[in-house]
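Undergrad: Sending over a structure as structure tokens; questions will come in a sec.
The numbers here are math on the coordinates, done by the rules we state, and not lab data. Nothing here was measured: the structure is a model prediction, and the numbers come from that model. FYI the Cβ positions are ideal-geometry reconstructions off the backbone, even for glycines, and counts take in every protein chain you see.
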Amino acid sequence: MSIKSVICTLLKEAMNYEYDSIDDLPPVLHQQTPHVSPTWLPRSIACVFIGGHSIIAAIHPVTAIGGVVCAIVALRKYSLDKPLYKSNPHAYARSYKYLRAGKTTAIIGLSISALWLSILILGIFSAAVNTNSRYDRYDDYNYDNDPWENFDDYDY
């Protein structure tokens, strides 16, 4: 029994098809359908994905730089797909919602990352400026009027 006859037998039993040979089977489905123009912007899903990751990276101050990078990449993907949407707004209306969501999440992630980075830079700057400030309070001590100077009442 050949493979072709097994396939035809299975088709006859499972789907009630009456094909005698594999050559009588209908053509593959993708060969029957005409080419449909794309309705998705090519970078819309990536824009949402990377924009969401910019918020996740922006939550922690250590990864705030990664949040800035992800937000800039997502905004760049938005700017590349915006002219394509304007060329045919009706065809890309559904995916443009994802593109706008990606832009919104990228802006939120960028603002949170910028806030963390500004706090981090301000903390580093203030630590660099005030490195000796904790020792300055000992310089104002008046050693001339030391109350413990003449204290000799020790019990040995």
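Undergrad: Is it fair to say LYS97 is without any contact (Cβ under 8 Å) to a residue 40 or more places away in the chain and out of contact with any Cys (no Cβ under 7 Å at 6 or more places or on another chain)?
TA: yes
Undergrad: Specify the residue that is farthest from the chain's Cα centre (by Cα); the eligible residues are those in region 62-97 that are surrounded by fewer than 20 Cβ atoms within 10 Å (Cβ to Cβ) and among the hydroxyl-bearing types (Ser, Thr, Tyr).
TA: Residue satisfying both the conditions and the ranking: SER87.
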